[in-house]
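Peer 1: After the structure tokens below, expect a handful of questions from me.
The values are calculated or read from the model by the stated rules, or taken from the named source; none is laboratory data. Keep in mind it's a predicted model, so treat the numbers as computed, not measured. No Cβ is skipped: glycine too gets one built from the backbone with ideal geometry, and neighbour counts run over all protein chains shown. Heads up: the accessible areas ignore ligands, DNA and RNA and are worked out on the full protein's heavy atoms, side chains in. Shrake-Rupley method; radii C 1.70, N 1.55, O 1.52, S 1.80 Å.
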Amino acid sequence: MAQRDAPMAGVSGGTALDPWRLLDLARAAATQAARLAVERRPADLGVAETKSSPTDVVTEMDTAAESLIRELILGQRPDDAFLGEEGGAESGRSAVRWVIDPIDGTVNYLYDLPHWAVSVGVEVDGITVAGVVAAPRLGELYTAVRGAGAWCNDEKLRVRPTTELGSALIATGFGYRAERRRRQGAIAGALLPRVRDIRRAGSAALDLCAVAAGRVDGYYERGTHHWDRCAGALIATEAGAIVGGFEGAPASEQMALAAPPGTFEALHEALRELGADAVDY
Ligand code: LIP
């Protein structure tokens, strides 16, 4: 389990903002929501509603898991703010904001595929200081504290060494709008002969954790939301990855790229050459 090192420099304000205590609460909330999503998943689980497109689905368990996470956190920290995929933004009076994706990889969850996770990131004054990605069907609990490292269960995480692009295993994802998928498919198709292979697992949070765990050499995706990335980006960064967008920008909906130093630059360059930085898709 995550080792308690000295509280992180720069985040003051006594124990209430201690990143390790915030991590403990994030971990408790994420693991309880993960258990709920496994144990209470109806055998005939269906689509409760759709969002940005007919394939952008929400199940009753996405909303149930998010409500449980908010309830558990508010029970201990009533002044904090929230940003959640299903419940949206809720302001608070403290410096802390919880960034929640109750089920990242909802389509996998709907199809009863095991590759989905509960993602909870914790921000203090806008900086992510702790993150948890709980993948119960994989038996994996990823955690990180800014400046202190990242773990999967008890194992400290380290990214793979720099890899030349032709030997790099790259993860990516596709959006919910058909036109965006057409462009993303074309870019992935053009990238394929330039890399070892591509993996499409269906969860940005777990793709970022795969970079952290050295299970892929890099990840890139257009269209992810802050709640998809928040915890996973800290976990990847604390394991030694560079996480960002194009041209030194932070990771955003426009582009989220994560890879070890050296591999990051090579992937960035290849994607730019393939027009992945275009804004019209
Ligand atoms: C998913 C992302 C994934 C992306 C999917 C979807 P959701 O988030 O984690 O990377 O490719 O299209 O956006 O909707 O399962 O929370």
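Peer 1: Which of these, L23, L169, L74, has the largest mean-square fluctuation under a Gaussian network model of the chain (Cα springs below 10 Å)?
Peer 2: L74
Peer 1: Another one. When a/c reaches 1.5 or more, the comparison of a/b and b/c decides; with that in mind, is region 149-211 rounded, prolate or oblate per its Cα gyration tensor?
Peer 2: Verdict is oblate for region 149-211.
Peer 1: While we're on this one: Rounded to two decimals, what ratio of Rg to Rh does region 217-260 give with C-alpha atoms and a Kirkwood Rh?
Peer 2: 0.92
Peer 1: Would you please name the GluC sites (Glu not before Pro) within region 32-64 that are DSSP coil residues with at most 11 other C-beta atoms within 10 Å of their C-beta?
Peer 2: Here no GluC sites (Glu not before Pro) fit, given the DSSP loop and packing criteria.
Peer 1: What number, rounded to the nearest 500 deg cm²/dmol, is the helix-based mean residue ellipticity at 222 nm of the chain, given -39500 (n - 2.57) per DSSP H run of at least four residues and division by all its residues?
Peer 2: Dividing the helical sum by the residues of the chain leaves -10000 deg cm²/dmol.
Peer 1: Sticking with this one: What does the convex hull of the alpha-carbon atoms of region 30-76 project to on average, in nm²?
Peer 2: 3.8
Peer 1: Please give the contour-minus-distance gain from L274 to R40: 0.36 nm per residue of separation, less the Cα-Cα distance, rounded to one decimal in nm.
Peer 2: That works out to 79.9 nm of additional length.
Peer 1: Which FRET efficiency, nearest 0.05, do D197 and E140 yield, Cβ-Cβ r, R0 25 Å?
Peer 2: 0.65
Peer 1: Rounded if a/c is under 1.5, else prolate if a/b beats b/c, else oblate: with a ≥ b ≥ c from the C-alpha gyration tensor eigenvalues square-rooted, which is region 93-161?
Peer 2: It comes out oblate by the Cα gyration axes.
Peer 1: Need one number: nm distance between label points at S252 and Y176, each 7 Å from Cα along Cα→Cβ, rounded to one decimal.
Peer 2: For S252 paired with Y176, the spin-label model returns 2.2 nm.
Peer 1: How large, in percent, is the carbon and sulfur part of the accessible surface of the chain at a probe radius of 1.4 Å?
Peer 2: Carbon-and-sulfur percentage of accessible area, whole number: 51.
Peer 1: Another one. Report the extension gain between A190 and R21 in nm, rounded to one decimal, defined as 0.36 nm multiplied by the number of residues separating them, less their alpha carbon distance.
Peer 2: Here the answer is 56.3 nm.
Peer 1: Under the rule of at least 5 residues apart or a separate chain, name every residue whose amide H is placed under 5 Å from the amide H of R146.
Peer 2: Here A130 satisfy the definition.
Peer 1: Just to confirm the filter: which chymotrypsin sites (Phe, Trp or Tyr not before Pro) across region 55-140 are DSSP coil and have at most 13 other Cβ within 10 angstrom of their Cβ?
Peer 2: The qualifying sites are Y111.
Peer 1: Can I ask one more? What do you get when you divide the Cα radius of gyration of region 1-143 by 2.2 N^0.38 Å, with N the number of residues?
Peer 2: Compared with the compact-globule rule of thumb, region 1-143 sits at 1.07.
Peer 1: Shifting gears a bit: Take the alpha-carbon centre of region 108-143, take the same for region 35-64, and report the distance between them in whole Å.
Peer 2: Using only Cα atoms, the two centres lie 16 Å from each other.
Peer 1: What's the long-distance tail for region 57-103, i.e. % of Cα pairs beyond 16 Å?
Peer 2: 32
Peer 1: What does the accessible area per residue of region 227-275 come to in Å², with a 1.4 Å probe and no ligands, DNA or RNA counted?
Peer 2: 32
Peer 1: In whole percent, what relative contact order does region 18-128 give with Cα contacts below 8 Å and a gap of six or more residues?
Peer 2: Relative contact order here is 24 percent.
Peer 1: Å³ per residue of the Cα convex hull, for the chain?
Peer 2: Cα-based convex hull of the chain, divided per residue, equals 120 Å³.
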